[in-house]
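Student: Quick one: structure below, then a few questions.
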């Protein structure tokens, strides 16, 4: 069963009172009945198991039966920085990256980025992506919703201070054995995964990334679409870290010496 996001100010004496959008969804779409149980998460974050006690329009209320604090996690936060792509592909990528547990998503403008943001609709774009991320977070039972940023220039990204981050730039030009990053299971910082446009990085961009501390990483011999590469990168890093691997590196074996 999905979880639904609320704010702690909606809770009064053990009763959760819903607001219009979520009230409408649970009442008219899911057709929740009195006595049924729903999971909610607030910004603290706490997760609540609550029973429906009132289903009247605009007056939907749930009685909290139990609550749980978010468990402590040593898993590093992952920021996905990805070259801006077409609307339908970007929407899909935001949804799937959210399901895979990304902490934040930053669309990036590169030399070969075909899609350019509409400056007049920047806030609307972020609002749409945030809505997609919230729905995906609820469906995948996350404790939070990833942060969605407005598109930023690549030079702006490279100018950001390190701040205890491991940073990787994915490129088909990177040697398969190029990345051996010592990321301990207890790593307390964050990880940035930088995915380029379908036209690939320019040599200047790769050089600037190296100067900025981005380690080159290859996903294999095949050239992947931007959205495919983003999800493949997330899956690889999730697997390596969650399985307690001390090193994130290419697992492909080098051929034996001739």
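Where a number appears in this text, it was derived from the coordinates with a stated rule and is not lab data. Worth saying up front: this structure is predicted, and the values here are computed from it rather than measured. FYI the Cβ positions are ideal-geometry reconstructions off the backbone, even for glycines, and counts take in every protein chain you see.
Student: Suppose each label sits 7 Å from its Cα in the direction of the beta carbon; what would the residue 89-residue 114 distance come out to in nanometres?
Tutor: Output for this residue pair reads 0.6 nm.
Student: Would you work out if region 61-182 is rounded, prolate or oblate? Take a ≥ b ≥ c from the square roots of the eigenvalues of the alpha-carbon gyration tensor; rounded if a/c is under 1.5, else prolate when a/b is larger than b/c, oblate otherwise.
Tutor: It comes out oblate by the Cα gyration axes.
Student: Something else about it: Could you calculate the FRET efficiency of residue 203 with residue 121 from 1/(1 + (r/R0)^6), where r is the beta carbon distance between them and R0 is 30 Å, rounded to 0.05?
Tutor: That pair, residue 203 with residue 121, gives E of 0.35.
Student: Something else: Could you work out how far helix 122-139 tilts from the main Cα principal axis of the chain, as a 0 to 90 degree angle to the nearest 10?
Tutor: 70
Student: A further question on this structure: At R0 = 25 Å, how high is the FRET efficiency between residue 70 and residue 31 if r is their beta carbon distance? Nearest 0.05 is fine.
Tutor: Efficiency at R0 = 25 Å is approximately 0.25.
Student: Can you tell me the order of 192-199, 5-12 when each peptide is scored by its average per-residue count of other Cβ atoms within 10 angstrom, highest first? Provide the component values of the computation, followed by the final result.
Tutor: Working: 192-199: 22.5, 5-12: 14.0.
Ranked from most to least packed, the peptides come out as 192-199, 5-12.
Student: Between residue 150 and residue 12, how high is the FRET efficiency from 1/(1 + (r/R0)^6) when r is the Cβ-Cβ distance and R₀ = 30 Å? Nearest 0.05.
Tutor: Result of the calculation: an efficiency of 0.25.
Student: Which of the three applies to region 3-69, rounded, prolate or oblate, going by the alpha-carbon gyration tensor with a ≥ b ≥ c and a/c under 1.5 meaning rounded?
Tutor: The shape class here is prolate.
Student: Now for a separate question. Alpha carbon centre of region 122-174 versus region 44-109: separation in Å?
Tutor: 13
Student: Now for a separate question. Using the alpha-carbon atoms, what tilt in degrees (0 to 90, nearest 10) does helix 226-242 show relative to the longest principal axis of the chain?
Tutor: For helix 226-242, the angle is close to 80 degrees.
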